[in-house]
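Inspection log for the structure reproduced underneath, given as structure tokens.
Values in this text are rule-based calculations from the coordinates and carry no lab data. A quick note: this is a predicted structure, and the numbers were derived from the prediction, not measured. Ideal geometry is used to build each Cβ from the backbone, glycine not excepted, and the neighbour counts take in all protein chains shown.
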Amino acid sequence: MDVYQIDDGFHSDGGTETPPPSPSSGSSIASTSDHGSLESVDTGGTQRLAVLSFEQVRKLHHVMDEKVAIHGRGNFPTLEVTLKDLVNLVRRKLEADVGSGGAGVIVKDIRLNGGAASHVLASEDQPYNDLDLIYAIELSSPRHFDRVKTAVLNTLLDLLPEGVSKRRIMPCALKEAYVGKMVKVNNNNDGDRWSLISLGNSPGHKNVELKFVDTMRRQFEFSVDSFQIVLDSLLLFYDCAALPISENFYPTVVGESVYGDFQEALYHLQNKLISTRQPEEIRGGGLLKYCNLLVRSYTPVDTQRIKTLERYMCSRFFIDFPDINTQTVKLEAYLRNHFWGVDEEPLQYQYLMHLHEVVEKSTVCLMGHERRQTLMLIQNLAGQVFYKKQVQEQQQYQQQQQQQAINEQQQQQQQEHQSSQPAGNRKKEKKK
């Protein structure tokens, strides 16, 4: 993972302070006072970095100031903390001594990634399901992975409300209560060393995805999800600034597109375009992400090359999820995590139809019966989603009919009550 050393300068007069060049590329920042656009950072041929405008910093501040609810299983309480406080608490635990429950590692930088980063940078609101954070640290031995996990669990322990007997709570109990997913990748052959700890396991709520990265060969799937926003200057601003963020006083925040060209990736995001590089490196989940973009009206930049991309993605999906059981688990989890809420659930059926079409026309690596088996799985899931939708619509219709009948009955009773009263009483009521 490339780490850029960024100056923590603050805007104090509507201008900018220029961060120093990246040590790895000899980059420089073109300074501008236009708050309506990003300031580009020349990295020698392509502009990989950009300085955020005030409006984008303001949106980032709102995301960081948002209360995060980490729901616990069983009798464990819901932990509520702002994202900025959670980010700082995790960093302090990572850098704390091992003897005091920390990991004893240096955090090189912290970044906001994924859908939340796209939401901050886009001119229109972008829906996002998770809050993805990247901590750049050293993971040179298996011991480092264990220490990172311990540091995160100790952070959760510190967040428990007063009155809870923390001394009796074991790490395994905290993990069971608050951690939805843990992933460890330590592959010397591929050069991948990173881990993921997902906090929160309640459907219908945003999870916090903490990713601890030493090296990661592939950090994105498509250009529109390649954005990373370096948070260090904003966190320093929170610690040092006496005044709130305003148009004349806000920190210099730098974003990066690991796709390689920030402005091109941002153009794709603003115009709902699908593009990628080195498609052969995309993991199995790329197929699911691709169909997610299709259902949200994204279109390929190159309609010819996309056919090759679809074949790559289908092949990789079946390599990573080779049997029908793992495919079922993956698809059900994806639907549950990426299509929840009143606005999102109706997209599930369309999503599965897009997935069925891509698998049917672009799968070339399977035997015929295996391909038919997967297509049948997608059809069955689509049938379940359609049936559930029909049941919900029927229930809503019945509730509306019942409410209408109640209203009509109340009106009829009111009319009967008025007609049963003597004429003199009715005149008095009218006068009143």
Take ASP146 and LYS389, extend 7 Å from each Cα along the Cα→Cβ direction, and tell me the distance between the two endpoints in nm. 5.0 nm
Cα gyration tensor of region 276-398 diagonalised, 5x eigenvalues square-rooted, in angstrom largest first, produces semi-axes 26, 17, 12
Can you tell which of LEU60, ILE134, PRO171 lies farthest toward the positive end of the dipole of the chain, using +1 and -1 charges on the Cβ of basic and acidic side chains (Lys, Arg; Asp, Glu)? PRO171
What's the long-distance tail for the chain, i.e. % of Cα pairs beyond 40 Å? 29 percent
Using a 10 Å cut-off around each Cβ, can you sort VAL90, VAL98 from fewest to most neighbouring Cβ atoms? VAL98, VAL90
At q = 0.11, 0.16, 0.19, 0.20 Å⁻¹, what log₁₀ I(q)/I(0) does a Debye calculation on the Cα points of region 178-308 give, no solvent, two decimals? -0.56, -1.08, -1.26, -1.29
Whether region 47-271 is rounded, prolate or oblate, judged on the alpha carbon gyration tensor where a/c under 1.5 counts as rounded: prolate
Expected output is a single nm value to one decimal: the length gained when fully extending between SER100 and ARG283, i.e. 0.36 nm times separation in residues minus the C-alpha distance. What is it? 62.1 nm
With the dipole of region 276-398 defined by +1 on each Lys or Arg Cβ and -1 on each Asp or Glu Cβ, the option from GLY285, CYS365, GLN384 whose Cα lies farthest towards the positive pole is CYS365
Work out, step by step, the length gained on full extension between ASP323 and ASP85: first 0.36 nm times the residue separation, then minus their alpha carbon distance; give nm to one decimal. 81.5 nm
Ranked from highest to lowest mean number of other Cβ atoms within 10 Å per residue, what is the order of the peptides 297-304, 247-254? 247-254, 297-304
Would you calculate the volume per residue, in Å³, of the smallest convex hull containing every Cα atom of region 114-218? 128 Å³
